[in-house]
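Participant: So that we are looking at the same thing, I have put the structure below in structure tokens.
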Amino acid sequence: MNNIAANKTSKMLLATEEEIFIKLIEADHPFRYLNEHFNFIELTASLAKCYSELGTTGIAAEKGFKALLVQFWEDYSDRDMEKCLRENIAVRWFCGFGLMEDTPDHSYFGKLRKRIGPSRLAEIFNKVNEAMKKKNLFGEVFTFIDASSIITKIALWEERDRAIEEGKKKLNNAIVSDYAADQDAKWGAKSKTNIWFGYKRHNAVDMRYGLINKVAVTPANVPDYKAVKNIVPRQGLVFLDKGYDYKEADIWIKANGGIPATLRKNNNKQKNHDLDRWHSCIRMPFENTFSKQSKRAKYRGLTKVLFQCFAEAIAHNFKKAINILPRLAKVET
């Protein structure tokens, strides 16, 4: 009888807890909307084997992934995320933690990112996009490809001084990995004044609603057009700026069934000024996808920066989706 009474009490407490969450969290809260429209258990199914035993409490894969999603959604540090999970009712509910349940400390998130890694996160990114394609959020007709800088360190004066002391004249890309803490990062430049040390983020943006379809990361010294082969779409018109005006890029696009809509350089005999103006007008609304993304590397190393970019792309697409889907629902009704 005691066990039966205890089970009834437990069920009552759980019901009461859910009622509290419902009462405290706004009906139109973004995280409530995400839970209603996306199946996170299916999206994170591939993580179960790699991470179900992580931590002292065996936190479920779905909970861990949702916590990482919130972290990149809000641009939180690990300590900020620890505090958020502890104090924010909406985040606690979204991630699946009860009111009285212990939440992980800051050390959990670094271990989780390492356990998942960029390959598994890329799988989830593709699953998220497939779920969004079923909701008609991707057009796959026009695609905008561009690159943006990711700075891993603003100044390397100490590293430069060390190199000079050892007889080096310059801290250039040939030797910088011998002195910098981030050995994968390189110097990159878009002009004589726009120089940075770090990486390039390469995104393919679907031009129906501005969702990110593909992601790649390279050291900053890799020319933009070299990354096209990693993010080229399988079809449609592909818009690119003058940095991609190379035969190699055109070949990769055409080989995948696409059509290059590249802004041609002034010395290119194929340049058509009217066509280039049209290309610029069409792609202009989607350039803010790149301008709004983080310009700083949160971690060191190409692998970890790639993880960051996939996580930020997932957060970007979910943010877009919760704004677009209600409008589509109104149109359909």
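The values are calculated or read from the model by the stated rules, or taken from the named source; none is laboratory data. Everything numeric here is computed off the predicted structure, so don't read it as measured data. Counting neighbours? That spans all protein chains shown, and the Cβs are built from the backbone with ideal geometry, glycine included.
Participant: So, in segment 105-153, exactly how many residues are over 16 Å from the mean Cα position of the chain (by Cα), closer than 21 Å to Phe38 by Cα and free of Cβ contacts under 8 Å to residues at least 60 places away in the same chain?
Facilitator: 2
Participant: When you scan segment 143-157, do you find a residue that is assigned by TED's automatic domain parsing to the domain that holds Cys309 and over 30 Å from Ala311 (Cβ atoms), even just one?
Facilitator: Looking through segment 143-157, at least one residue is assigned by TED's automatic domain parsing to the domain that holds Cys309 and over 30 Å from Ala311 (Cβ atoms).
Participant: Which members of segment 183-192 meet the condition of being in a strand (DSSP E or B) and not aromatic (Phe, Trp, Tyr)?
Facilitator: Lys186, Gly188, Ala189
Participant: Applying the selection to segment 208-226, what residues are under 17 Å from the mean Cα position of the chain (by Cα) and within 24 Å of Ile282 (Cβ to Cβ)?
Facilitator: Hits for segment 208-226 are Tyr209, Gly210, Leu211, Ile212, Asn213, Lys214, Val215, Ala216.
Participant: Then there is this: In a helix (DSSP H, G or I), in contact with a Lys or Arg (Cβ under 9 Å, 6 or more places away or on another chain) and not assigned by TED's automatic domain parsing to the domain that holds Phe40, is that true of Leu85?
Facilitator: no
Participant: In segment 270-287, which residues are within 16 Å of Leu211 (Cα to Cα) and either free of Cβ contacts under 8 Å to residues at least 40 places away in the same chain or in contact with a Pro (Cβ under 7 Å, 6 or more places away or on another chain) (or both)? Outline the logic, then answer.
Facilitator: We begin by selecting, within segment 270-287, every residue within 16 Å of Leu211 (Cα to Cα); these are 282-287.
Residue satisfying the conditions is Met284 alone.
Participant: I'd like to check something: does segment 235-255 contain any residue that is on the phi > 0 side of the Ramachandran plot and touching a residue at least 24 places away in the same chain (Cβ under 8 Å)?
Facilitator: yes
Participant: OK, next. Within segment 135-157, can you find the residues that are of a type in the set (Val, Ile, Thr) and part of a loop (DSSP other than H, G, I, E, B)?
Facilitator: The answer is Val141, Thr152, Ile154.
Participant: Taking only pairs six or more apart or across chains, which ones have beta-carbon atoms under 6 Å, a first residue in segment 174-189 that is touching a residue at least 24 places away in the same chain (Cβ under 8 Å), and a second residue that is buried (at least 18 other Cβ atoms within 10 Å of the Cβ) and among the polar types (S, T, N, Q)?
Facilitator: Asp182/Thr152; Ala185/Thr152
Participant: Looking at segment 193-298, what helices (runs of 4 or more DSSP H) fall wholly within it and have at least 3 residues that are buried (at least 20 other Cβ atoms within 10 Å of the Cβ)?
Facilitator: On the way: elements: 228-231, 247-255, 273-283, 288-291.
Helices (runs of 4 or more DSSP H) meeting the threshold: 247-255.
Participant: Pick from segment 103-150 the residues that are touching a helix residue (DSSP H, G or I) at 6+ places or on another chain (Cβ under 6 Å) and among the polar types (S, T, N, Q): which of them is surrounded by the most Cβ atoms within 10 Å (Cβ to Cβ)?
Facilitator: Thr103
Participant: Considering each residue of segment 159-182, count those that are under 22 Å from Ser148 (Cβ atoms) and either touching a Cys at 6+ places or on another chain (Cβ under 9 Å) or not aliphatic (A, V, I, L, M) (or both), and give that number.
Facilitator: 2
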